[in-house]
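Accompanying notes for the structure given below.
The values are calculated or read from the model by the stated rules, or taken from the named source; none is laboratory data. Computed from a predicted structure; not experimentally measured. A quick note on method: Cβ atoms are made from the backbone with ideal geometry, for glycine too, and the neighbour counts reach across all protein chains shown. These accessible areas exclude ligands, DNA and RNA; they are computed on the full protein's heavy atoms, side chains included. Shrake-Rupley method; radii C 1.70, N 1.55, O 1.52, S 1.80 Å.
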Amino acid sequence: GDERHPFQDGDIVLFRELVGLEHLNQCERKIKDINIHQFSIGDISSLGGEYKRGGIAREVKQQSTMDFKSLNEQIHNPKILTTDGSDYWTKTVTGEFWSWLDRVDRFTDYDIAFSI
């Protein structure tokens, strides 16, 4: 069909309900994104069989490890990265934010009285 797939290069997918390539059902494969409608799982000619119809590919989430700088280190050397790892904010913008936050902190009274 004309549906877009949600995958990116390097994603791992698990197949099910393939007809003609049943040996790929419940098989995980790394994909290469070709375009918004197609992806490749590499050469499968040695596996035999011929695709007839159907099939569902679902992404298999992979574990990842993330490291973070300490708050103190971020305050003195701010750097904010987007989820794709690019340096989205400049030092000037983040520096201005921390400076503003420091000024707000000086003028904010955190002593709040509660009465019943």
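Each Lys or Arg adds one and each Asp or Glu takes one away; over the other residues whose Cβ falls under 10 Å from the Cβ of Ile36, this sums to -2. Neighbours of Leu24 by Cβ distance under 14 Å: Lys/Arg scored +1, Asp/Glu scored -1, total +1. Averaged over its residues, segment 11-59 has an accessible area of 69 Å² per residue, based on protein heavy atoms and a 1.4 Å probe.
In loop segments of segment 1-43 as defined by DSSP, the trypsin sites (Lys or Arg not before Pro) with at most 10 further C-beta atoms inside 10 Å of their C-beta are Arg4.
Placing R0 at 30 angstrom, the Cβ-Cβ distance between Ile12 and Gln74 gives a FRET efficiency of 0.40 after rounding to 0.05. Positive contributions from Lys and Arg (+1) and negative ones from Asp and Glu (-1), summed over other residues with Cβ under 9 Å from the Cβ of Gly55, come out at +1. The GluC sites (Glu not before Pro) of segment 6-58 that DSSP puts in a loop, and whose beta carbon has at most 10 other beta carbons within 10 Å, are Glu50. Accessible surface of segment 11-59, 1.4 Å probe: 48 percent of it comes from carbon and sulfur atoms.
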